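Engineer: The structure is given below, and queries will be raised subsequently.
The values are calculated or read from the model by the stated rules, or taken from the named source; none is laboratory data. Just so it is clear, the structure is predicted and the values come from calculations on it, not from any experiment. All Cβ positions, glycine included, derive from the backbone under ideal geometry; neighbour counts span all protein chains shown. Just so you know, the surface numbers come from the protein's heavy atoms only, side chains and all, with ligands and any DNA or RNA stripped out. Shrake-Rupley method; radii C 1.70, N 1.55, O 1.52, S 1.80 Å.
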Amino acid sequence: QVQFVESGGGLVQPGGSLSLSCASSGINFRTLPMGWYRQGPGKQRELFASISSDGSPKYVDSVEGRFTISRDDAKNLVYLQINSLKPEDTALYYCITDPAWNAFWGQGTQVTVSS
C-alpha cells in the first residue's frame, strides 16, 4: 500500500537546524518527483521544495539557500536539511509525490521554531 512517513521534527531555537526524513512505500519511487510541503498555523499547505526523479531540486524563494532536499532511491527515502530556521518556518511538514497524490498524505512531522 502507498505510504509516506515523515520524521525528524522538533522544537528548535531561531537559527537552528533540523534534518527531516521521509520513508516511502508502495510506489515506484525512483521514477517519481517528490516534494516537501508544509502547513503553518492559519495558512494553506504549500509545496516549498521538490526533487525530480533525476535529482534536480527546486525551492520557493523563502527557503532557497536554507533548505536542501535530497533523495536516496535505493532506500526510498527523501531528506530535508533545514538550516537557519526562522519562527515563520513553524509548520507541520509533509512529504509526498509532486504533484501530490492527495489520497495518501501522511501524518507529517511538526517543526516549531521558538526561543
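Engineer: Compute the length gained on full extension between ALA23 and LEU11: take 0.36 nm times their separation in residues and subtract their Cα-Cα distance, giving the result in nm to one decimal.
Structural biologist: 2.2 nm
Engineer: Next question. Let me check something: with ligands and nucleic acids excluded, how do ARG71, ARG30 order by accessible area (1.4 Å probe), largest to smallest?
Structural biologist: From most accessible down to least: ARG30, ARG71.
Engineer: At THR31 and GLN110, where each label point lies 7 Å from the Cα along Cα→Cβ, what is the point-to-point distance in nanometres?
Structural biologist: 3.8
Engineer: Could you tell me which residue out of SER84, SER56, GLY9 lies farthest along the dipole of the chain toward its positive end? Charges go on the beta carbon: Lys and Arg +1, Asp and Glu -1, centred on the Cα centre.
Structural biologist: GLY9
Engineer: Beta carbons within 10 angstrom, averaged per residue: use that to sort the peptides 63-70, 87-94, highest first.
Structural biologist: 87-94, 63-70
Engineer: I would also like to ask the following. Considering only DSSP beta bridges where both residues belong to the chain, give the percentage that are antiparallel (nearest 5).
Structural biologist: So the antiparallel bridges in the chain amount to around 90 percent.
Engineer: Counting only C-alpha contacts under 8 Å and six or more residues apart, can you give the relative contact order of the chain as a whole percent?
Structural biologist: Here the relative contact order equals 37 percent.
Engineer: Order GLU6, GLU46 by their accessible area, 1.4 angstrom probe, all chains in place, largest first.
Structural biologist: GLU46, GLU6
Engineer: Also: Points 7 angstrom from Cα along the Cβ direction at SER84 and GLN1: gap in nanometres?
Structural biologist: 4.2
Engineer: Now a separate question. Compute the distance in nm between two label points, each set 7 Å from the Cα along the Cα-to-Cβ direction, one at THR68 and one at ARG45.
Structural biologist: 2.8
Engineer: Rolling a 1.4 angstrom probe over the protein heavy atoms, how many square angstrom per residue are accessible across segment 1-54?
Structural biologist: Here the per-residue accessible area is 52 Å².
Engineer: Moving on to the next point. In debye to the nearest 20, how big a dipole does the chain give about its Cα centre with +1 on each Lys and Arg Cβ and -1 on each Asp and Glu Cβ?
Structural biologist: 120
Engineer: Let me ask something additional. Put LYS43, LYS86 in order of accessible area, largest first, 1.4 Å probe: what do you get?
Structural biologist: If we order LYS43, LYS86 from most to least accessible, we get LYS43, LYS86.
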